[in-house]
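Engineer: A single structure is presented below for examination.
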Amino acid sequence: MYGSTGAAPSIGDSSMGLARAVLMHGPISRSDLGRRLGLCPASLTRLSKPLFDSGLLVEVSDTLISGVGRPTKPLDVRLEGRRYVGVKLTGDSAFGVLTDLRVNELSSAHRRLDGTDVAGVVRQLRSLVLELANGAPITALGVTVGGQVIGSRVVARAPFLAWRDVDLASALEAGLGVPVLVENDVVGLAAAEQWFGAGRGTASFAVLTIGVGVGYGLVVDDRVISTRDSGLGLGGHVPLDANGPLCGSGHRGCSDAMLTQGSIRAQVSDTLGRAVEYDEALALAAAGVPAALSVVQASGRALGRLVALIANIAMVDTVVLSGEGIGLWKVVADEIVAAAHGDRDAEATPLQITVDDSGTSSWARGAAAVAIQHTLTRFAVAD
């Protein structure tokens with residue numbers, strides 16, 4: 001069963017859908033909003049009332065939508081007074097952003113972790129959040145980690161931090177006094193892409209990230225799929241190249257072996273006989289150095305195969321590529337696209353491959369999006 005939702009939409013779901021539509025598409029006229037949501041004027045008025053009462057929705061200045069007829073007052077969200085912090089937590093650092101309700105980045109800050117003990121990390125995260133808040137209140141905090149998260153609160157497993165069963169949300173709430181939502185980083189990124197990024201307006205799509213590891217997220221019928229197994233790295237050992245290198249678990253040519261920064265760096269270093277960093281490996285490939293180009297081209301073909309595999313099995317036609325290793329796209333985009341289309345049925349809906357190269361900021365904004373979703377849910381159930 002997909003995710004944690006399976007029941008028919010409730011009134012709260014409809015209110016949240018209304019708030020989300022205004023958030024994504026506002027300012028928007030009532031008539032356009034009603035058509036988008038399939039709501040009659042009476043239902044639109046009923047569902048929007050608690051959102052107006054809470055101050056989330058507002059009418060903006062009179063505007064002639066078509067240039068003729070009666071002026072209308074489009075609906076929009078009130079951005080003032082609601083600020084969120086999103087933090088992407090890795091094994092050695094934390095990157096945070098302060099955003100508004102539309103995940104527009106207002107400021108950012110970074111912390112290099114002193115260690116991975118829970119108390120020390122919590123202390124540094126609190127310091128990071130307070131720095132970003134700069135003395136003003138925040139509405140909620142979202143934190144994403146590369147690992148398995150249960151109930152938007154407990155980090156069940158985070159290999160890069162060597163954590164098991166850490167109630168990170170409660171620990172942070174105790175010192176900050178604001179709601180804290182914790183989520184797997186790829187699930188958070190998928191939420192950000194769905195609401196404000198490359199997936200905006202697309203009901204179903206996949207997110208594929210490459211970097212330290214390989215991540216995979218899925219949005220189906222406007223719902224981000226999140227299960228107990230999200231964050232286990234289940235996409236990390238998909239076989240992609242029978243002649244490829246071995247990963248750390250001994251799998252030949254799997255996605256981890258072909259696509260992670262560490263593997264690409266190691267392959268190029270071995271071929272050149274000297275240590276190179278990931279960015280240098282890409283630069284050498286772009287310059288046509290054979291030792292680097294052959295490795296990077298093979299990785300590009302593997303990425304294209306993985307894109308096609310995900311699209312074919314999940315039955316989506318849009319795949320968003322992201323992650324700290326996505327610089328690969330700039331060097332071998334042609335190989336990626338050719339391999340993806342080569343493994344796609346000619347009569348299938350054409351693939352749309354979109355690249356989000358905003359880097360660490362996109363991960364942190366994904367964490368903020370998780371917190372914003374919680375806020376909208378709270379407004380929705382209030383009706």
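The values are calculated or read from the model by the stated rules, or taken from the named source; none is laboratory data. Predicted model only: the values in this text are computed from it and were never measured. FYI the Cβ positions are ideal-geometry reconstructions off the backbone, even for glycines, and counts take in every protein chain you see. Ligands, DNA and RNA are stripped out before the accessible areas are found, and what is left, the full protein with its side chains, is counted by its heavy atoms. Shrake-Rupley method; radii C 1.70, N 1.55, O 1.52, S 1.80 Å.
Engineer: Before we move on, is G177 among the small types (G, A, S), open to solvent by 10 Å² or more (accessible area, probe 1.4 Å) and farther than 25 Å from M315 by Cβ?
Structural biologist: Spelling it out, G177 is indeed among the small types (G, A, S), open to solvent by 10 Å² or more (accessible area, probe 1.4 Å) and farther than 25 Å from M315 by Cβ.
Engineer: Ok, one more. Taking the stated definitions as given, is T360 β-branched (V, I, T), open to solvent by 50 Å² or more (accessible area, probe 1.4 Å) and closer than 28 Å to V77 by Cα?
Structural biologist: Considered against the rule, which asks whether it is β-branched (V, I, T), open to solvent by 50 Å² or more (accessible area, probe 1.4 Å) and closer than 28 Å to V77 by Cα, T360 comes out as yes.
Let's see how each residue does on (1) open to solvent by 20 Å² or more (accessible area, probe 1.4 Å); (2) out of contact with any Asp or Glu (no Cβ under 9 Å at 6 or more places or on another chain):
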position	(1), (2)
G217	no, no
D221	yes, yes
H237	yes, no
L246	yes, yes
D256	yes, yes
L259	no, yes
A266	yes, yes
L272	yes, yes
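Engineer: Would you check if there is a residue in segment 372-383 being in a helix (DSSP H, G or I), of a type in the set (A, V, I, L, M, F, W, C), open to solvent by 20 Å² or more (accessible area, probe 1.4 Å) and modelled with pLDDT under 90?
Structural biologist: So far as segment 372-383 goes, yes, one or more of its residues are in a helix (DSSP H, G or I), of a type in the set (A, V, I, L, M, F, W, C), open to solvent by 20 Å² or more (accessible area, probe 1.4 Å) and modelled with pLDDT under 90.
Engineer: Residues of segment 325-340 being surrounded by 16 or more Cβ atoms within 10 Å (Cβ to Cβ) and not aliphatic (A, V, I, L, M), which ones?
Structural biologist: If the condition is that a residue be surrounded by 16 or more Cβ atoms within 10 Å (Cβ to Cβ) and not aliphatic (A, V, I, L, M), then G325, G327, W329, E335 are the ones that fit.
Engineer: Being in contact (Cβ under 8 Å) with a residue 24 or more places away in the chain, in a loop (DSSP other than H, G, I, E, B), in contact with a helix residue (DSSP H, G or I) (Cβ under 7 Å, 6 or more places away or on another chain) and small (G, A, S) is the filter here, so list the residues in segment 236-278 that pass it.
Structural biologist: Passing the criteria: only G244.
Engineer: Looking at segment 188-204, which of its residues are surrounded by fewer than 24 Cβ atoms within 10 Å (Cβ to Cβ) and either within 19 Å of L309 (Cβ to Cβ) or of a type in the set (A, V, I, L, M) (or both)?
Structural biologist: Listed by number, the residues that qualify are A198, A203, S204.
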